[in-house]
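Visitor: Pasting in a structure now, in structure tokens, and then I'll have a few things to ask.
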Amino acid sequence: MIRGIRGAITVERNEANEIVDATETLLREMIRANDVAASDVSFVLISVTEDITATFPAQALRRLEGWTYVPVMCMREIPVPNSLPRCIRVMMTVHTTKKQEEISHVYLRDAVVLRPDLSLTKKTEM
């Protein structure tokens, strides 16, 4: 079965190193929490709010050993008034035997407010 794993993280500044480092942190936690192997991933979509322009956060995926051939694409979020600023969101599509309710979605830093009901932080009291 193909399932989506969601995740989000915020950054303090629109700086390339911070954006890529934060994205890597998020990706690693999504992978760890769901026991994901690169070979089981169909693709990864990464979106950013319009205040993140310093670099492509997809660069973080290339830092992960074994993830060279996983397709990844970056895009911009819809600029909704009063939405969470400096936010990076990830949708990872994976082949898994897990049921939807067994997927651990990962929301870190200020992004926990986006889906506190699904947040890994809430599930595990991190």
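Visitor: Picking from T97, T55, T25, which is most flexible by a Gaussian network model of the chain using Cα springs under 10 Å?
Guide: T97
Visitor: With 10 angstrom as the radius, rank R76, R3 by how many other C-beta atoms surround their C-beta, starting from the fewest. Present the calculation step by step, with values, prior to reporting the outcome.
Guide: Values: R76 11, R3 17.
Neighbour counts put them in this order, fewest first: R76, R3.
Visitor: Can you compute the modelled spin-label distance between R13 and H95, with each label point 7 Å from Cα toward Cβ, in nm?
Guide: Going from the R13 label point to the H95 one covers 4.3 nm.
Visitor: Skipping prolines and chain starts, which residues have an amide H placed within reach, meaning under 5 Å, of the one on K98, given they are 5 or more residues away or on another chain?
Guide: Counting only residues 5 or more places away or on other chains, the set is empty.
Visitor: Quick one: order I19, I31 by neighbouring beta-carbon count within 10 Å, fewest to most.
Guide: On the way: I19 24, I31 20.
So the residues, fewest neighbours to most, are I31, I19.
Visitor: Counting only the backbone N, which residues of the stretch 1-28 are under 20 Å from the spot 7 Å out from the Cα of D117 toward its beta-carbon?
Guide: Zone members listed by number: 4-9.
Visitor: Using Cα centres only, tell me the gap between the stretch 95-119 and the stretch 8-35 in whole Å.
Guide: Cα centres, the stretch 95-119 to the stretch 8-35: 15 Å.
Visitor: Could you check which residue among P116, P57, P81 shows the biggest mean-square fluctuation in a GNM of the chain with a 10 Å Cα cutoff?
Guide: P81
Here, each number is a calculation from the coordinates, and none is a lab measurement. From a predicted model like this one, the values you see are computed outputs, not experimental measurements. Note that we place each Cβ from the backbone using ideal geometry, even for glycine, and neighbour counts take in every protein chain shown.
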